[in-house]
Ligand SMILES: Cc1cc2nc3c(=O)[nH]c(=O)nc-3n(C[C@H](O)[C@H](O)[C@H](O)COP(=O)(O)OP(=O)(O)OC[C@H]3O[C@@H](n4cnc5c(N)ncnc54)[C@H](O)[C@@H]3O)c2cc1C
């Protein structure tokens, strides 16, 4: 008999979980509050150019990578268009302090050698650092889709060490320490709290090989939606779940904003757990977990700029570019210093299908705290007021000036500019405080950012970036574990991949 599963949230986690459960013969219905399906995979068009609202680099999509294996298993890999970043420069790092540009190659060996050549006096230290970094990642079974993924966390004492301390135990040169941490914003990084293993997993993904979608990232959402429908499932947009009703320790029904009612056998929540707590009418966590969740901090947000460029004026760059005012900025991604903002950011030129030598757009992400726009926290999209618009426009200008510093002549290439603030991220993704990666993963409280897949309600499960790892690779990995929990078979799906 088909068992019906309702999935709340049609973002990365919801869609992957739905497709995996569809493959297991479950009849799935995905409920998404927004008119657009995809969550972090959404794209939008301005002036004939398509921008990705979020996703710009993707780890694990290369042959053999975990995301590649999941997409292959789902039969959607062939529908995706993507390319690797440049092998000789997977990432560029520019430091304005001394005018240095670092072109960091892809791959463990080239990455190691690159830094060994720059800092020969630290040759052995760099080798030992990289070896331990990769060893930390290797201890996380679920990351590699190995059976036994639910096993106990590592006993390596570096596992939960703050990332900056982990780097410092191997290398001494302060510049080198910063350079080795350049991927920290993708890990939601902060020197004091990001556990070394989260940092190691992100480094593993992006040092090994990272990819970019050719064309919008929403192609992945489209492929997943088609797969879900092909398997007999439904994906409903404009359907916000506003209440979850419990009875006798089980979810009895769900109510949507338009009054529709759903009575599935099983429910998977792929929304932020703090939002989940607001709509459920009973106890789904232990008292300790509830208290922890109520006070849990979220990761930082971002101010994003989307520039449409004049045709044939600016080169397409096949890698992201990280810019810092000074080396000590590398762990300061969630800070807002009004006088000097932005002091660290990443920019990139979106990759199109049949991408030519010139870019049609440039996108900038300045990782910033929600507090920068706290004063407009009670406003809604399109009604934030003239003072907000002026503030937004001033900050957009500051960002464009910094890109000009990195790429002289850039401002002349710009045709039109759009911007999104942490408020935009909050309201479009429904993420508390516009957080990019959800709950903070905190080495001071190792289990703070990790929620169980199961809840106290026996037919309510969780998935998404707050359970284990965030991002386009981390969230599908969690989806595999959630789907296995729903079908009640540990390793039941992993073994088929
Ligand atoms: C600006 C930005 C840039 C990023 N860049 C990258 C990147 O380059 N690479 C990378 O790997 N990751 C990146 N990320 C992170 C990545 O987008 C997230 O980790 C990922 O989208 C999280 O997946 P999720 O399913 O948990 O949440 P989401 O993808 O956000 O999906 C949650 C969905 O639930 C819906 N929802 C919420 N409440 C309800 C409700 N009550 N009823 C119904 N639906 C509801 C939301 O509308 C949303 O669609 C970025 C994020 C942002 C914001």
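The values are calculated or read from the model by the stated rules, or taken from the named source; none is laboratory data. On a predicted model such as this, the values are computed, not experimentally measured, just so you know. Counting neighbours? That spans all protein chains shown, and the Cβs are built from the backbone with ideal geometry, glycine included.
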Residues of region 430-457 being within 14 Å of the ligand (Cβ to nearest atom), modelled with pLDDT of 90 or more and more than 29 Å from residue 379 (Cα to Cα), in sequence order, are 453
Picked from region 467-497 (must be under 26 Å from residue 283 (Cα atoms) and in contact with a strand residue (DSSP E or B) (Cβ under 7 Å, 6 or more places away or on another chain)), the residue surrounded by the fewest Cβ atoms within 10 Å (Cβ to Cβ) is 485
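So is residue 371 surrounded by fewer than 20 Cβ atoms within 10 Å (Cβ to Cβ) and free of Cβ contacts under 8 Å to residues at least 60 places away in the same chain or not? Steps first, answer last, please.
On the way: surrounded by fewer than 20 Cβ atoms within 10 Å (Cβ to Cβ): yes; free of Cβ contacts under 8 Å to residues at least 60 places away in the same chain: yes.
When the stated conditions are applied, residue 371 passes them.
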Residues in region 306-321 that are assigned to a strand (DSSP E or B), within 16 Å of the ligand (Cβ to nearest atom) and surrounded by fewer than 24 Cβ atoms within 10 Å (Cβ to Cβ) total 2
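Would you point out which residue out of 37, 70, 7 is within 16 Å of the ligand (Cβ to nearest atom) and in a helix (DSSP H, G or I)? So that I can check it myself, show each step before the final result.
Values: 37 fails: in a helix (DSSP H, G or I); 7 fails: in a helix (DSSP H, G or I).
None of the other options fit; the residue is 70.
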From the option list 22, 14, single residue qualifying as at pLDDT 95 or above, buried (at least 21 other Cβ atoms within 10 Å of the Cβ) and either within 16 Å of the ligand (Cβ to nearest atom) or in a strand (DSSP E or B) (or both) is 14
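Here's the yes/no breakdown for (1) within 12 Å of the ligand (Cβ to nearest atom); (2) surrounded by 20 or more Cβ atoms within 10 Å (Cβ to Cβ):
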{"site": "198", "(1), (2)": "no, yes"}
{"site": "221", "(1), (2)": "yes, yes"}
{"site": "226", "(1), (2)": "no, no"}
{"site": "234", "(1), (2)": "no, no"}
{"site": "254", "(1), (2)": "yes, yes"}
{"site": "267", "(1), (2)": "yes, yes"}
Those residues of region 283-303 which are closer than 18 Å to residue 462 by Cα and surrounded by 16 or more Cβ atoms within 10 Å (Cβ to Cβ) amount to 284, 285, 289, 292, 293, 296, 298
**Asked** Being more than 30 Å from residue 379 (Cα to Cα), within 16 Å of the ligand (Cβ to nearest atom) and in contact with a strand residue (DSSP E or B) (Cβ under 8 Å, 6 or more places away or on another chain), is that true of even one residue in region 458-466?
**Response** yes
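A quick yes/no check of all residues on (1) crowded, with 20+ Cβ neighbours inside 10 Å; (2) at pLDDT 95 or above:
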{"position": "156", "(1), (2)": "no, no"}
{"position": "160", "(1), (2)": "yes, no"}
{"position": "166", "(1), (2)": "yes, yes"}
{"position": "170", "(1), (2)": "yes, yes"}
{"position": "174", "(1), (2)": "no, yes"}
{"position": "178", "(1), (2)": "yes, yes"}
{"position": "187", "(1), (2)": "yes, no"}
{"position": "192", "(1), (2)": "no, no"}
{"position": "195", "(1), (2)": "yes, no"}
Being in a loop (DSSP other than H, G, I, E, B), farther than 20 Å from residue 329 by Cα and over 23 Å from the mean Cα position of the chain (by Cα) narrows 109, 122, 97, 157 down to just 157
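Which of the residues belonging to region 54-67 are within 15 Å of the ligand (Cβ to nearest atom) and within 29 Å of residue 359 (Cα to Cα)? Break it down stepwise before answering.
Going through region 54-67, the residues within 15 Å of the ligand (Cβ to nearest atom) turn out to be 54-62, 65-67.
Within region 54-67, 54, 55, 56, 57, 58, 59, 60, 61, 62, 65, 67 meet the criteria.
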*asked:* Residue under question is residue 324, and the condition is that it be over 20 Å from the mean Cα position of the chain (by Cα), in contact (Cβ under 8 Å) with a residue 60 or more places away in the chain and either away from the ligand (no atom under 16 Å from the Cβ) or crowded, with 20+ Cβ neighbours inside 10 Å (or both); does it hold?
replied: yes
Q. Is region 45-53 home to any residue that is in contact (Cβ under 8 Å) with a residue 40 or more places away in the chain, within 27 Å of residue 256 (Cβ to Cβ) and either assigned to a loop (DSSP other than H, G, I, E, B) or away from the ligand (no atom under 15 Å from the Cβ) (or both)?
A. yes
Considering only region 206-213, I want to know if a residue exists there that is in a helix (DSSP H, G or I) and more than 20 Å from residue 347 (Cα to Cα).
yes
Given (1) touching a residue at least 24 places away in the same chain (Cβ under 8 Å); (2) in contact with a helix residue (DSSP H, G or I) (Cβ under 8 Å, 6 or more places away or on another chain); (3) farther than 29 Å from residue 246 by Cα, residue 412 misses just (2)
